[in-house]
Amino acid sequence: MPQSHKTRTIYLWQRIAASVILVLSASAAMYFYFKKPAPANYVVQAPAKTDQKNFAPGINKTFLTLTDGSKIYLETAPIGKITDQGGVRITKIKEGVISYAQISNQVNLVNPKNTNIITTSKGGQYQIILPDGSHVWLNALSSLKFPISFNGKKEK
């Protein structure tokens with residue numbers, strides 16, 4: 001008996017649907033396989049000078065600029081170790097507070113010219129505990145440039 005035209009049409013549509021699903025699945029798999037992972041969300045590539053006027057008042061937008069020029073956005077940095085730098089560990093203790101602690105007894109590892117800069121936004125505030133144990137509170141539109149470690153000598 002000859003097959004009806006209706007039966008052949010159903011099989012044709014099933015083949016087309018299967019082909020479309022196969023192509024879409026292969027495309028999605030390739031997209032996710034070749035997609036590059038996003039960098040850590042707290043390290044940003046910001047211009048050397050941050051425009052403080054773009055931040056709304058009352059919102060903490062604090063950047064830590066490291067010796068190598070990289071900027072860390074402290075609001076999205078996880079609580080815990082942020083980085084080690086020249087024998088000093090930078091740790092986010094809690095929201096709004098970072099701490100510098102010496103992890104190496106070798107003071108000669110630290111170049112006194114290696115400085116970090118912390119900058120707060122309009123309406124923002126942040127607290128820093130420096131390696132010598134001093135506490136610094138920054139208020140709105142403030143910045144502090146400081147050596148990553150203190151070796152006991154006064155600089156002029």
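The values are calculated or read from the model by the stated rules, or taken from the named source; none is laboratory data. Just so you know, these numbers come straight off a predicted model, no measurement behind them. Note: areas computed on protein heavy atoms with side chains; ligands, DNA, RNA excluded. Shrake-Rupley method; radii C 1.70, N 1.55, O 1.52, S 1.80 Å.
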- Item | Unmet criterion (only one of (1) under 18 Å from the mean Cα position of the chain (by Cα); (2) at pLDDT 55 or above) for ALA26 | (1)
- Note on the structure: Of the residues in the range 49-82, those that are open to solvent by 50 Å² or more (accessible area, probe 1.4 Å), at pLDDT 85 or above and of a type in the set (Val, Ile, Thr) come to THR67, THR76, ILE79
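Before we move on, is ASN151 more than 17 Å from LEU66 (Cα to Cα), over 19 Å from the mean Cα position of the chain (by Cα) and modelled with pLDDT of 85 or more? Quick ask: steps written out before the conclusion?
On the way: more than 17 Å from LEU66 (Cα to Cα): yes; over 19 Å from the mean Cα position of the chain (by Cα): yes; modelled with pLDDT of 85 or more: no.
For ASN151, the condition - more than 17 Å from LEU66 (Cα to Cα), over 19 Å from the mean Cα position of the chain (by Cα) and modelled with pLDDT of 85 or more - is not met.
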